[in-house]
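The values are calculated or read from the model by the stated rules, or taken from the named source; none is laboratory data. Please read all numbers here as calculations on a predicted model, not as lab measurements. Here the Cβ positions follow ideal geometry from the backbone for every residue, glycine too, while neighbour counts run over all protein chains shown.
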Amino acid sequence: MASYDYDLFVIGGGSGGVRGARMAAQAGARVGLAEMDRFGGTCVIRGCVPKKLLSYAAHVKEEIEDARGYGWTIPEARHDWPTLIANKDAEIDRLEGIYRKLLANAGVTVHEGQARLIDAHTVAIAPIEGGSADTVTVTAETLLIASGGHATVPDIPGAEHGFTSNEAFHLERLPDHVTIVGGGYIAVEFAGIFHGLGAGVTQLYRGEQILRGFDDTVRDTLAEELRKKGIDLRLHSDPARIDRRDDGTLLVTLKDGATLETEAVMFATGRRPNTTGLGLERAGVDLAHDGAVKVDAHSRSTSAANVYAVGDVTNRINLTPVAIEEAMAVVDTLYKGAPRPMDHADVPAAVFSQPPIGKVGLSESEAAAQGRRLEIYQASFRPMKYTLSGRDEKTMMKLIVDADSRAVLGVHMVGLDAPEIVQGLAVAIKAGATKEDFDRTVGIHPTAAEEFVTMREPARVVEKQAAE
Ligand code: NDP
């Protein structure tokens, strides 16, 4: 039997890679891990975590405004962007330190450098620019690819004048006006962040309605709330070119010929798996058309038996907790004698827009496309918090119920605390709760969440359509 340096070699020190490496090492495997950038990956370094911190910062503006109705007099509040960025950076440094410590404590050997496969069992790790070490070659019985993804920008003239979420976290100053291109998670989250912190925001989305794939009521509700806040959301709008003018500002020309002046353009136009330059072809790893590693339900490469891949590099559901769970399933399968596929059903998700979204299960159109008869329960109301403050912001809640089996197929919410509320309800959905289970659950009063267990009459019934 061949003897390898490692039982498992992990490429990528983000959420999935670090969890897989740690758990495998704790289960007794000899584990090495290569990372070419900072530890923690997209989520910790340039994604979920700094985004949420900025999102909290942005929301403070409304808290201050709302305070008036509760009797508080607050002198004119001012925001200092550099302070926020410095404090955020310090927190990210702290978290990165924790990631490094977790790996060391678990006994994982860390290689800082750029990994490239030589063959299915051999990886060369080249020093990162400025590093002094020589290229190191290691062998491993099994490889775990967890190299994540990267932001993409449209191929239009002047695209270089724009920035992506990577740079958004390090801008030297808050622009007076930002134009955000895209209608997905990142676009709506940053629209809320920039707007809340005081910038003017125009959001350009090429399609019919933002957040494609989300429930239509959620999409319409958020679009309306963004506009009410003053975000200039333009649908069917797509930039054709960007020019920098003599005064340093940007001129965005749209595909329909219209133009708009702005100080900065942010592209939030999707992400792609990081597979270029990894040498995966040398191990016979098949890639999908979008560059993702093709894997089976156990996250095993469909073409290279000793190669596994988790997280954004597989482009399944690109969320940190999913990458972590995929990695845990790989470790259970390989090192704990408990093989299991990853369960991608009913994964809850949140969008930290302002107001935020929480959802789990099917959208109304997805459920209808399955040929089911549906009862739709829906409520829209001003949350109690805004009665005294007078803020004109609605909360929307929606349940999608299978009229025959009575199963609650989908839970959707736009409004204050939606992510926190839907996380709890996701347990009920995962457990197969019926509408009657919701009905016999006593509410907590006064909360917004209690509405989910007190919706008695369907807003409408959707008759069966032919399944797609
Ligand atoms: P998304 O895929 O969510 O959205 C991309 C957006 O850009 C879509 O509106 C898309 O339009 C549009 N777009 C794509 N290509 C172009 C183009 N060439 N020109 C103009 N518009 C374009 O990607 P994001 O970058 O927002 O986020 C990436 C992923 O990261 C998310 O899907 C999610 O999995 C994850 N994420 C999760 C978060 C969370 O959990 N809260 C937060 C942030 C990211 P169209 O709909 O027409 O294709």
Selection within the range 293-316 - assigned to a loop (DSSP other than H, G, I, E, B), within 16 Å of the ligand (Cβ to nearest atom) and not β-branched (V, I, T): N315, R316
Here are some residues: T179, T137. Which one is surrounded by fewer than 15 Cβ atoms within 10 Å (Cβ to Cβ) and of a type in the set (S, T, N, Q)? T137
Here are G130, G162: which of them is among the small types (G, A, S) and on the phi > 0 side of the Ramachandran plot? G130
Considering R68, R78, R94, R116, which residue is over 29 Å from A168 (Cβ atoms), basic (K, R) and surrounded by fewer than 18 Cβ atoms within 10 Å (Cβ to Cβ)? R68
Anything in the range 136-164 that is near the ligand (Cβ under 10 Å from one of its atoms), out of contact with any Ser or Thr (no Cβ under 9 Å at 6 or more places or on another chain) and in contact (Cβ under 8 Å) with a residue 60 or more places away in the chain? List them, or say none. I156, A159
Please name all residue pairs, on different chains or six or more residues apart, with Cβ atoms under 6 Å, provided the first residue is in the range 316-337 and is farther than 20 Å from R46 by Cα and the second residue is among the aromatic types (F, W, Y) and away from the ligand (no atom under 14 Å from the Cβ). V330/Y308
For T387: the one exception among (1) within 22 Å of D220 (Cα to Cα); (2) free of Cβ contacts under 8 Å to residues at least 60 places away in the same chain: (1)
Give the residues of the range 174-217 that are more than 12 Å from the ligand (Cβ to nearest atom), assigned to a loop (DSSP other than H, G, I, E, B) and touching a Phe, Trp or Tyr at 6+ places or on another chain (Cβ under 6 Å), sorted by residue number. L174
I want to confirm something. Restricting to the range 218-230 and keeping residues that are within 21 Å of A58 (Cα to Cα) and surrounded by fewer than 21 Cβ atoms within 10 Å (Cβ to Cβ), which single residue is nearest to the ligand (Cβ to nearest atom)? A223
Take the conditions under 30 Å from A67 (Cα atoms) and either in a loop (DSSP other than H, G, I, E, B) or modelled with pLDDT of 95 or more (or both) and apply them to L388. Does it pass? yes
Pick from the range 30-48, criterion aliphatic (A, V, I, L, M) and either crowded, with 23+ Cβ neighbours inside 10 Å or assigned to a helix (DSSP H, G or I) (or both), ranking: farthest from the ligand (Cβ to nearest atom): V31
Give all pairs with beta carbons closer than 7 Å in which a residue from the range 423-447 that is in a loop (DSSP other than H, G, I, E, B) meets a residue that is among the small types (G, A, S); count only pairs at least 6 apart in sequence or on separate chains. G432/A407
In the range 233-259, what residues are touching a residue at least 24 places away in the same chain (Cβ under 8 Å), surrounded by fewer than 18 Cβ atoms within 10 Å (Cβ to Cβ) and under 17 Å from G200 (Cβ atoms)? R234
Matching residues in the range 156-173 - criterion: being charged (D, E, K, R) and outside any loop (DSSP other than H, G, I, E, B): E160, E167
Given the conditions (1) closer than 21 Å to E35 by Cβ; (2) buried (at least 16 other Cβ atoms within 10 Å of the Cβ); (3) among the charged types (D, E, K, R), report the number of the one that R282 does not fulfil. (2)
Could you check the range 117-134 and list, in sequence order, the residues that are at pLDDT 90 or above and either within 12 Å of M36 (Cα to Cα) or assigned to a strand (DSSP E or B) (or both)? L117, I118, D119, T122, V123, A124, I125, A126, P127
When only residues in the range 448-468 that are assigned to a helix (DSSP H, G or I) and of a type in the set (A, V, I, L, M) count, which is farthest from the chain's Cα centre (by Cα)? V453
Scanning the range 347-374 for residues that are touching a residue at least 60 places away in the same chain (Cβ under 8 Å) and surrounded by fewer than 20 Cβ atoms within 10 Å (Cβ to Cβ), the one farthest from the ligand (Cβ to nearest atom) turns out to be R373
Quick check on the range 317-346: of everything there that is in a loop (DSSP other than H, G, I, E, B) and near the ligand (Cβ under 10 Å from one of its atoms), which residue is farthest from E189 (Cα to Cα)? I317
Of the residues that sit in the range 55-102 and are hydroxyl-bearing (S, T, Y) and touching a residue at least 60 places away in the same chain (Cβ under 8 Å), which one is nearest to P356 (Cα to Cα)? S55
Surrounded by fewer than 17 Cβ atoms within 10 Å (Cβ to Cβ) and closer than 28 Å to Y185 by Cβ - does that describe any residue in the range 398-406? no
Being of a type in the set (S, T, N, Q) and part of a loop (DSSP other than H, G, I, E, B) is the requirement here; does T73 meet it? yes
Residue count, the range 241-292 (criterion: over 19 Å from H177 (Cα atoms), in a strand (DSSP E or B) and within 16 Å of the ligand (Cβ to nearest atom)): 3
In this structure, is R382 basic (K, R), more than 16 Å from the ligand (Cβ to nearest atom) and in contact with an Asp or Glu (Cβ under 6 Å, 6 or more places away or on another chain)? no
